[in-house]
Amino acid sequence: MADDLLVIIPTRGRPQAVPALVQAWDDTGATADLLFAVDTDDPELSGYKAEATKLKSDSRFRFIYGKRLRLCGTLNQQAVKAAKRYRYLAFMGDDHRPRPAAMPWDARIRECLSGGPGIVYGNDLLQGEKMATAVAMTSDIVTTLGYMAPPMLVHLCLDLVWVEWGKAMQRITYLDDMVIEHLHPAVGKAATDSGYEEANSAERVESDSKAYHAYMQGEFEADADKLRALVEAS
């Protein structure tokens, strides 16, 4: 089915991740569309544009350039737009890599979400079932809430919210054998850089943690009610 699954990757400062992700798509036989969302003020902007030029003949891969909104802001902006066109939406970081399996990971996502509103995530070989560090959901969730992640968050705790949304809907699936590996410096799978330093700074951890708890104690229940109504109406 055309326009069925879009993976959105907000990315900054890592144009080298583009060919690595393209290779992962090829290695896994993925047919999902992939959107690289790049900041216009990125110091590595020319590198992204060079990669985009190399991929211009492959319709699976697209690039969009816009004002820096940080990870959550960029994801929400692109997800709300894409929800009008795609049946399923997914998020990965530029440091995630889908791994080969008997059944391609994107086919598993389509299969799991084909029955109606829901959320699915796989094994990132770091947090496992605890956090949906890479996630897919039906686009009607984004349309219903008006965002793919609570907009008060900047970079952290989105993965915790997605698990709570899925639990509230009673429509969440964790696939331990669907590996979308998270190549994070915390486990020595990547070198630290300015992006990791900014995202994991003490200030960002404190700010996003406070915002997460405020959301869970506030707006979460209203969002959960909307999602439960969505399931009931499906």
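Using the beta-carbon distance between Arg204 and Arg99 and R0 = 30 Å, what value does 1/(1 + (r/R0)^6) give for FRET efficiency, to the nearest 0.05?
0.55
Say we join alpha carbon atoms closer than 10 Å with springs in a Gaussian network model of the chain; which of Tyr86, Tyr215, Tyr196 then has the biggest fluctuation?
Among Tyr86, Tyr215, Tyr196, the largest mean-square fluctuation in the Gaussian network model of the chain belongs to Tyr196.
Using a 7 Å offset from the Cα along the Cα-to-Cβ direction at both Arg68 and Ser114, what is the distance between the two label points in nm, to one decimal?
Using points 7 Å along Cα→Cβ, the separation is 4.3 nm.
What is the Cα centroid distance between the stretch 67-131 and the stretch 182-234, reported in whole angstrom?
14
Could you pull out the trypsin sites (Lys or Arg not before Pro) across the stretch 1-81 that fall in loop regions by DSSP (anything but H, G, I, E, B) with no more than 16 other Cβ atoms inside 10 Å?
Those satisfying the criteria are Lys56, Arg60, Lys67, Arg68.
Which one is right for this structure if Cα extents along the principal axes in Å is calculated from it: (1) 46, 43, 31; (2) 57, 39, 30; (3) 53, 39, 31?
Read-out from the structure maps to (1).
Projected onto the charge dipole of the chain (+1 at Lys/Arg Cβ, -1 at Asp/Glu Cβ, origin at the Cα centre), which of Ala50, Val231, Trp105 gives the Cα projection farthest towards the positive end?
Ala50
Place +1 on the Cβ of every Lys and Arg and -1 on the Cβ of every Asp and Glu in the stretch 78-234, take the dipole about the Cα centre, and give the residue among Val205, Val154, Val120 whose Cα lies farthest towards its positive end.
Val120
Counting helices only, and only those DSSP H runs with n ≥ 4, report the 222 nm mean residue ellipticity of the chain as the sum of -39,500 (n - 2.57) divided by its residues, in deg cm²/dmol to the nearest 500.
The helix contribution divided over the chain gives -13000 deg cm²/dmol.
Would you please put 28-38, 224-234 in order of how densely packed they are, using the mean number of other Cβ atoms within 10 angstrom per residue and starting with the highest?
28-38, 224-234
What residues have an amide H closer than 5 Å to that of Thr173, excluding those fewer than 5 places away on the same chain, when H is modeled at 1.01 Å from N in the peptide plane?
Ile119, Val120, Tyr121
In the structure shown, do any of Lys81/Lys210; Lys56/Lys226; Lys84/Lys189 have a Cα-Cα gap over 30 Å, and if so which?
From Lys81/Lys210; Lys56/Lys226; Lys84/Lys189, over 30 Å: Lys56/Lys226; Lys84/Lys189.
Quick note: the coordinates plus some simple rules give every number you see, no bench work behind them. Computed from a predicted model, the values in this text were never measured in an experiment. So basically every Cβ, Gly included, is an ideal-geometry build from the backbone, and we count neighbours across all protein chains shown.
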